[in-house]
1. Among the numbered criteria (1) buried (at least 17 other Cβ atoms within 10 Å of the Cβ); (2) among the charged types (D, E, K, R); (3) not in a loop (DSSP other than H, G, I, E, B), which single criterion is violated by Lys104?
2. Quick one: in region 208-223, of everything that is part of a loop (DSSP other than H, G, I, E, B) and hydrophobic (A, V, I, L, M, F, W, C), which residue is surrounded by the fewest Cβ atoms within 10 Å (Cβ to Cβ)?
3. Output the residue which, of all residues in region 112-124 that are touching a Phe, Trp or Tyr at 6+ places or on another chain (Cβ under 9 Å) and modelled with pLDDT of 95 or more, is most open to solvent (accessible area, probe 1.4 Å).
4. For the structure I just gave you, tell me whether Ser113 is in a loop (DSSP other than H, G, I, E, B), of a type outside the set (Phe, Trp, Tyr) and free of Cβ contacts under 8 Å to residues at least 12 places away in the same chain.
5. Of everything in region 158-190, what is under 19 Å from the mean Cα position of the chain (by Cα), of a type in the set (A, V, I, L, M) and at pLDDT 50 or above? Give them in sequence order.
6. List the pairs whose first member sits in region 43-55 and is under 15 Å from Gly227 (Cα atoms), whose second member is at pLDDT 95 or above and among the charged types (D, E, K, R), and whose Cβ atoms are under 7 Å apart, counting only residues at least 6 apart or on separate chains?
7. May I ask you to verify whether Ala138 is hydrophobic (A, V, I, L, M, F, W, C) and at pLDDT below 95?
8. Inside region 1-33, can you point out the residues that are in a helix (DSSP H, G or I) and crowded, with 22+ Cβ neighbours inside 10 Å?
Amino acid sequence: MFTFGITIVRHGETQYNKDKLLQGQGVDLPLSETGVQQAEAVGHYLRDLKFTNLFASDLQRAKQTADIIVKNNVHCSGMAIVSDPLLKERSFGVAEGRPVDDLKNMAKAAGQSCPSFTPPGGETPEQVKLRIHEFMAALYRRMAADHWRDGESAPAGGTASGAGSGTDGCPCGQPDDGLHGVAAHALVVSHGAYMRLVVRYLVEDLHCSVPHSLRTSHLFSACPNTGVCRFVFTLRRGDGGLAPASIHCVFVNRKDHLKTKEGK
């Protein structure tokens, strides 16, 4: 058995985020000034964590955020960030470049909820989940090849959440929550709609455990810019290859660093 952690961060704000316009895959913008500040804030929040592997979407808003996080980190000097198209945002087809309200109106006209609605030319949630599945399978192989030593077992406490809950329902705690005794730890920088589907995939499809104090409404809510999610995986080797024996959600959509910034 082999245990590793994964910390997933949404990219910082872009001008389209500020203007409430859909980006998807077709609009590839850099961070806004606020987005750079958010990325610096989450980089400072995560600065003392040791990341053994680094991944980011190949869209520039995610790559820029990852670069800033790594620049702030005391352990990541000289480490390369793997740019992976499997992590890019969900495609919203004809709705890209248009106001988010247009997508909501299209979904309403179709009698569907906005997160499950697929505009013409866009990716369905199930198609995005296939990308997530492909990325996770590659991640299992990479983490095992880099860090799994024969005879290793899951560390005691490796799947403990260590997280409390704030009054707004957003889990809050320490930057290293859930990582006690977990030596291998991947940073992944991606996108809001993609991350929402990651959480659903892990919880609904792979039966990931979640903290008892975490409300379902928060678990499946939209992640804010530079919001942070963390999961701890324990892998096993079977006839079909590597597979998770257990997955634990430590927290989702944490934004402690943004509260600190706003309070200054």
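The values are calculated or read from the model by the stated rules, or taken from the named source; none is laboratory data. Fair warning: this is a prediction, and the values are worked out from it, not measured in the lab. With ideal geometry, Cβ positions are generated from the backbone for all residues, glycine too; neighbour counts draw on all protein chains shown. Ligands, DNA and RNA are excluded from the accessible area calculation, which covers all protein heavy atoms including side chains. Shrake-Rupley method; radii C 1.70, N 1.55, O 1.52, S 1.80 Å.
1. Status for Lys104: all satisfied but (1).
2. By that ranking, first place goes to Ala222.
3. We begin by selecting, within region 112-124, every residue touching a Phe, Trp or Tyr at 6+ places or on another chain (Cβ under 9 Å); these are 115, 118-119, 121-123.
Next, from what is left, pick out any that are modelled with pLDDT of 95 or more: 118-119, 121-123.
Values: Thr118: 38, Pro119: 2, Gly121: 73, Gly122: 17, Glu123: 31 Å².
The selected residue is Gly121.
4. Numbers: in a loop (DSSP other than H, G, I, E, B): yes; of a type outside the set (Phe, Trp, Tyr): yes; free of Cβ contacts under 8 Å to residues at least 12 places away in the same chain: yes.
So Ser113 passes the test.
5. Residues satisfying the conditions are Leu179, Val182, Ala184, Ala186, Leu187, Val188, Val189.
6. Hits for this filter: Gly43/Lys71.
7. For Ala138, the condition - hydrophobic (A, V, I, L, M, F, W, C) and at pLDDT below 95 - is not met.
8. Listed by number, the list holds a single entry, Asn17.
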